[in-house]
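Data block below; observations after.
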Amino acid sequence: MDAQINITLPDGSVRQYEKGTSAMQIAESISSGLARNVLSAKVNGEVWDANRPIDGDSSVQLLTWDDKDGKATFWHSSAHLLAEALEAVYPGIKFGTGPATSNGFYYDVDPGEHKISSDDFKKIEDKMLELARQKNTFDRSPITKEEALKYFTEKGDEYKIELIEKRGEDEALTLYKQGNFVDLCRGPHLPSTAKIKAVKLMNVAGAFWQGDDSRQQMTRVYGVSFQKQKELTQYLHMLEEAKKRDHRKLGKELGLFMFSEKVGQGLPIWLPNGTALRSRLEDFLKAEQIKRGYQPVITPHIANKELYVTSGHWEKYGEDSFQPIKTPREGEVFLLKPMNCPHHCEIYGHRPRSYKELPVRIAEFGTVYRYEQSGELHGLTRVRGFTQDDAHIFCTPDQVKEEFLNVLELTQHVLSKMGFEEFTAQISLRDPNNKEKYIGSDELWDKAESAIIEATKEVGLKTITELGEAAFYGPKLDFMVKDALGRSWQLGTIQVDYTLPNRFELEYIGADNQTHRPVMIHRAPFGSMERFIGVLTEHCAGRFPLWLTTDQFAILPVSDKYLDYANKLKATLAEHDIRGYIDDRTESIGKKIRDTEVKKVPFMLIVGEKEEAAKNVSVRKQGEGDLGAMEIEAFAKYFKDLL
RNA sequence: GCCAGUGUAGCUCAGUUGGCCAGAGCAGCUGAUUUGUAAUCAGCGGGUCGGGGGUUCGAAUCCCUCCACUGGCUCCA
C-alpha cells in the first residue's frame, strides 16, 4: 500500500502528502497564514472537517470565511457552541436540530420547565464565549445506529432518538464532541472553538418540531457569530442601516400607504403619494401588455360560490378564507374574489373560440381578498387585500412554449426596468410524495412541468428547482427578490395550467373542425402591486427610479421675491413632461433644502437673485449635493438623459 | 393559528422599587424674520398612557383578558 497520496488543489497543481494528512496540514504546508484562516475544506466536492485525515488521492479546496461553505461551517459549529452553553445554563434541556443559516445559526431546543427569553441572552452569550475560550476541539467519531440510540436514550434526548430512528439500519452516523457537549451530527466542524470570538443571540422564536404544525413547538434560539468583535459590530451596524430601508418605515415617511385597525388587519390603504406611484407602475405595465396583444378586462370583486366549486378553490381554501356573503335569498352565497382565474375562464368560455383567435390573452389588475393567518401579515408584502397584475393566456398546446417565452421576456423586461438586477428564478414543482395536495392527473402535471423546464432551459435562464412549491393546480416559475433584511419574496410568477381548462370545460375549434382543450398560462410580472411596491421601496431605499417618482424636482426660491421666476421655470419643465412643485413657504432656504432631502425628491432647483439675473437655476441632487448652475433647458436635457 | 417580544402626542422616544396636575425633540397653529445649499426665533395648542376588567388609599408602572404591531414557525390559490 502506498503511503503517499496525491492532492489536487483548485489551481490544478498536484502535491504529494502522506496518507492521513488533513486539510489543515496541507494548509500549513502552504503557509501558516493560510492555515490560520482555514475553517473547513472541500474534499472531492464534500465539505469536511479541516482536521479529518484524508486517506486517498483527492481534490482539496481549503475553505475560509470568504467561502459560503466555510462560513456555514463556522456557524454550524457556533450552533453546537450555543447548545453546549444552553446545556450548561439550563440542565436537562433537550435538543432538536441546530444548523447554520444564510446569516447565522439557530438551535431548536425543548427547555422543559425553563423559559428562554431575550433577557437571558447575555448570560448565554457569556457562557458561549467562556466555552469558546477553552479552545475545545470538535472531535468526530463514527457510530452505529444502535450505539447512537443507546447514547441518546441514556441521555433522554427524545428528539435525537426520533432523528436516529429515521435513518437506515446501515447508515453511517457520526457524533461530534466539543468540551462536554456531544451531538449527533454529520458535520463538518471547525478545528476548535477558539475561532469563535464574537457571538450575539438575535432572537427566540417558536418553531414546530420537524416543521409540522401538528407537532410540538420547540424554542428556536437564533444567533450570529464572527471571528472578530469588529465584524460583529459591523454586522449589527449593517442591520441598523437595513432597517432604515424597511418599506413600512419609508412608506410612513413618504406618505405611500397606511393601515387602520378600524379598516382591518392586512388591508392596506393607499395614500396619495403611494397611489400616484402605483398608478404609474400600472400604466407602464398596461402599455407593455397592449403592445404584446393582451386584452384588458374588468370583473367583479365577488362571485357566486359555484364558480369556486368548479375551480376547486372552494374545496381547497373555503374553510380557511373569508366566509361567504349571504343574500336575502335563501341558499344564495357569494365569495370575495380570492383570485381572478375563474372569472377569466368564464370570459374565455362565454362564446365559442376558434383556433384562429388563439392565443387569447386576458389581462386585469384584479383586486383579491385572502384570509391570511394573522401571524403571516407583514407590511405590504403579505396582506389580505391586494391587486394582482394578473393575466391568463389561453392557447393551443403547440403555443405553450412560445407564449411562455413571451411572458418570460415581459417579466424580465419589467424587473430590469425597475432596477432589479438580482433575482432568483425558481421552478416550483409538485411534491411527488404528497400528490393529494394537488388537482389534475399525473400526465397533465408532467406536461406542465416539462413545459416550464424546457422553456427556461431554452433561453438559458439560470434557475433553482423547489419541490412542493407548486400551486395546487399547476407548476410555477417564480421570480424571487430579497428585501432589506435578506428575506426572500416571490414577485413575478408564471404558471402553466392544464387543469383549470378541464374543470371549466374550455374549448376551441381546431383547424380539423374538432373541439380541443386550450392550455392556460397564469402570469403576473409584478406579482401584486402591494408586494412589488413594498420590495421595490426597500430595493431602492425610497429613491425610486426617476421615471416613477411623483415629484421629480422641487423649485426652492430663496425668498418669495423669486416666485414669479420659479413659476416660469416650472412651466418650462412641464412642457418637457418633467413633474415637480414649488416650495413657496416662507422658510429659510436651509430648511427647504433639508425638508426636500428628507422627502427624497431627486432634484432641487434653487433660485434667488443670482439665478434670476443669469436666467439659470442652481441644481442640487438629492443625497449628493450642489451640481452648480445650469440653464433650465440644459437641466431638462440633463434630466431626460437620466431617464 | 402557534412561540417570544412590543404598544406613552401626528412622528421618534423619556418616564425601571406603584405616589405631586405624564415629559422632550420634530411636526402643527400664531406672530416676527425675506432668508443662499440638511433644521431662524418666540409663543401656543395637542395624550381615553392600545381597549376592557382587576389588585390598591393610589396604576403608564402589578395581574387577567382582548386587539394591533415586531421577529420567527406554519401557511401563501
For A:ASP641 and A:LYS291 in the same chain, what is the full-extension length gain: residue separation times 0.36 nm, less their Cα-Cα distance, in nm?
123.6 nm
To the nearest Å, what is the center-to-center distance of the stretch A:118-187 and the stretch A:1-67, using C-alpha atoms only?
26 Å
Only Lys, Arg, Asp and Glu count, each charged at its Cβ (+1, +1, -1, -1), so figure out the dipole size of the stretch A:257-539 about its Cα centre, rounded to 20 debye.
620 debye
How large is the dipole of the stretch A:260-402 about the Cα centre if only Lys and Arg carry +1 and Asp and Glu carry -1, each at its Cβ, rounded to the nearest 20 debye?
340 debye
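How large is the dipole of chain A about the Cα centre if only Lys and Arg carry +1 and Asp and Glu carry -1, each at its Cβ, rounded to the nearest 20 debye? Let's see the in-between values first.
On the way: 86 positive and 99 negative charges, 345 e Å.
Dipole magnitude for chain A comes out near 1660 debye.
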Taking a ≥ b ≥ c as the square roots of the Cα gyration tensor eigenvalues, with a/c under 1.5 meaning rounded and otherwise prolate when a/b beats b/c, else oblate, which class fits chain A?
oblate
Please work out the Cα center distance from the stretch A:606-643 to the stretch A:214-269, rounded to the nearest Å.
38 Å
Efficiency by 1/(1 + (r/R0)^6): what FRET value for A:LYS462 and A:ASP560, r their Cβ-Cβ distance, R0 = 35 Å, to the nearest 0.05?
0.05
Note on the stretch A:255-335: alpha-carbon gyration tensor, axes a ≥ b ≥ c; rule is a/c under 1.5 for rounded, else prolate if a/b larger than b/c, else oblate; result oblate
Please find the FRET efficiency linking A:GLN134 to A:ASP57, where r is the Cβ-Cβ separation and R0 is fixed at 51 Å, and quote it to the nearest 0.05.
0.90
Rounded to a whole number, the Stokes-Einstein D of the stretch A:4-64 in µm²/s (Kirkwood radius over Cα pairs; 25 °C; 0.890 mPa s) is 223 µm²/s
Per DSSP H run of n ≥ 4, the term is -39500 (n - 2.57); total these for chain A, divide by its residue number, and report the mean residue ellipticity at 222 nm rounded to 500 deg cm²/dmol.
-10500 deg cm²/dmol
If amide H atoms are built 1.01 Å from N in the plane of the peptide, which residues on other chains or at least 5 residues away come under 5 Å of the amide H of A:PHE257?
A:LEU271
Within the stretch A:356-386, name every residue whose backbone N is under 18 Å away from a label modeled 7 Å from Cα of A:GLN323 along the Cβ vector.
A:370-374
Pairwise label distance in nanometres, A:GLU306 with A:MET258, each label 7 Å out on the Cα-Cβ vector:
4.3 nm
Out of A:VAL481, A:GLY460, A:GLN426 - ranked by how far each Cα lies towards the positive end of the dipole of the stretch A:409-528, with unit charges on the beta-carbon of charged residues - the top one is A:VAL481
What is the calculated FRET efficiency for A:ASP595 to A:SER32, with r their C-beta to C-beta distance and R₀ = 60 Å, to the nearest 0.05?
0.55
A 1.4 Å probe over the protein heavy atoms gives chain A a carbon and sulfur accessible-area percentage of 48 percent
Calculate the length of the line joining the C-alpha centroid of the stretch A:519-585 to that of the stretch A:299-315, in whole Å.
39 Å
Of the listed peptides A:612-624, A:399-411, what is their order by residue-averaged count of other C-beta atoms within 10 Å, with the highest listed first?
A:399-411, A:612-624
Considering only protein heavy atoms, what per residue accessible area in square angstrom results for the stretch A:527-623 with a 1.4 angstrom probe?
44 Å²
Loop sites in the stretch A:136-175: GluC sites (Glu not before Pro), DSSP, at most 12 other Cβ within 10 Å
A:GLU169, A:GLU171
Out of A:HIS313, A:HIS378, A:LEU506 - ranked by how far each Cα lies towards the positive end of the dipole of chain A, with unit charges on the beta-carbon of charged residues - the top one is A:HIS378
When the charge dipole of the stretch A:553-642 is computed with +1 on Lys and Arg Cβ and -1 on Asp and Glu Cβ about the Cα centre, the Cα farthest towards its positive end, among A:GLY608, A:THR586, A:ILE632, belongs to A:THR586
Does the stretch A:380-425 come out rounded, prolate or oblate by the C-alpha gyration tensor, with a ≥ b ≥ c the root eigenvalues, rounded set by a/c under 1.5 and, if not, prolate when a/b is larger than b/c and oblate if not?
oblate
Using θ = phi - 60° and the Karplus curve 6.51 cos²θ - 1.76 cosθ + 1.60, what whole-Hz ³J(HN,Hα) does each residue of the stretch A:424-431 get, with Gly and Pro shown as x?
10, 8, 10, 8, 9, 9, 6, 7
Give a quick list of GluC sites (Glu not before Pro) in the stretch A:282-340 that DSSP marks as loop, anything other than H, G, I, E or B, with at most 12 other Cβ atoms within 10 Å.
A:GLU330, A:GLU332
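The values are calculated or read from the model by the stated rules, or taken from the named source; none is laboratory data. Every value quoted in this text rests on a predicted model; they were computed, and no experiment measured them. When we count neighbours, we look across all protein chains shown, and the Cβ atoms used for this are built from the backbone with ideal geometry, even at glycine. Ligands, DNA and RNA are stripped out before the accessible areas are found, and what is left, the full protein with its side chains, is counted by its heavy atoms. Shrake-Rupley method; radii C 1.70, N 1.55, O 1.52, S 1.80 Å.
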